[in-house]
Amino acid sequence: MDEAYFVQVPCIKTLSTQFGYIYSLDLSTELMVAGCQNGKVLLYDPSSFEAKGTLEGHVSTVHSVAILSVPGNTRVFSASQDRSIRAWSIERMVCVQNLIRHAGAVTCVTTSRGLIFSGSCDASVKVWQ
């Protein structure tokens with residue numbers, strides 16, 4: 001008979017927001033990003049947990065976020081119920097591209113090998129360069 005063992009892990013910090021539910025998180029060595037119910041993307045320092053800013057532009061829930069870092073340039077991608085994927089310049093704290101190519105809510109976004117992948121309620125996965 002298999003037995004489950006539970007290890008107690010202490011919570012060292014709780015970050016609260018007035019922006020509703022947190023739907024997604026991504027983390028790099030320099031940035032922690034959270035996607036919120038009200039369409040905002042929150043930025044935190046992953047070492048100090050201090051707020052670094054808020055990215056605004058989506059008109060509905062941000063379901064997924066992803067960080068893509070190359071030397072001297074960090075982009076955050078956010079996927080939303082509003083059917084869009086936004087690319088954000090973290091150095092300038094602005095949206096640099098708004099991709100509206102899905103026919104349904106965009107539920108997930110991730111990055112790999114310099115590419116961006118998004119999945120949607122339109123039953124498709126799109127690959128972006």
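The values are calculated or read from the model by the stated rules, or taken from the named source; none is laboratory data. Please read these numbers as outputs of a predicted model, since none were measured by experiment. Methodologically, a virtual Cβ is constructed for each residue, glycine included, from the backbone with ideal geometry; neighbour enumeration extends over all protein chains shown. For the accessible areas, the whole protein counts, side chains as well, though only heavy atoms, and no ligand, DNA or RNA atoms are used. Shrake-Rupley method; radii C 1.70, N 1.55, O 1.52, S 1.80 Å.
Using only the heavy atoms of the protein chains and a 1.4 Å probe, how would THR107, THR74 rank by accessible area, largest first?
On the way: THR107 60, THR74 20 Å².
Final ranking, largest accessible area leading: THR107, THR74.
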**OP:** Please provide three numbers in whole Å: the alpha-carbon extents of segment 61-116 along the principal axes, with the largest listed first.
**Re:** 33, 23, 17
**OP:** Could you please state how large a percent of the accessible area of the chain is carbon and sulfur, counting protein chains only and using a 1.4 Å probe?
**Re:** 52
**OP:** List the relative contact order of segment 13-56 as a percent without decimals, with contacts defined as Cα pairs under 8 Å and 6+ residues apart.
**Re:** 28
Original post:
To the nearest 10 Å², what's LYS13's accessible area with a 1.4 Å probe?
Top reply: 100
**OP:** Sorted from largest down, give the three principal axis spans of the alpha carbons of the chain, whole angstrom values.
**Re:** 47, 40, 32
Subject >> Area accessible to solvent at PHE19, 1.4 Å probe radius, in Å² >> reply: 50
**OP:** Place a +1 charge on the Cβ of each Lys and Arg in the chain and a -1 charge on the Cβ of each Asp and Glu, then give the dipole magnitude about the Cα centre in debye, rounded to the nearest 20.
**Re:** 480
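Computed FRET efficiency, Cβ-Cβ of THR54 and GLN97, R0 22 Å: what is it to the nearest 0.05?
On the way: r = 19 Å, r/R0 = 0.85.
In this case the efficiency is close to 0.75.
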**OP:** Using 0.36 nm per residue of separation minus the Cα-Cα distance, give me the extension gain between ASN73 and CYS108 in nm, one decimal.
**Re:** 10.4 nm
Original post:
Of SER48, SER69, SER78, which is the most mobile in a GNM of the chain whose springs link Cα atoms less than 10 angstrom apart?
Top reply: SER48
Original post:
What distance in nm separates the simple spin-label points at VAL127 and SER28, each placed 7 Å from Cα in the Cβ direction?
Top reply: 2.2
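Taking all protein chains together and a probe of 1.4 Å, list ARG83, ARG92, ARG75 from the most accessible to the least accessible.
From most exposed to least exposed: ARG92, ARG83, ARG75.
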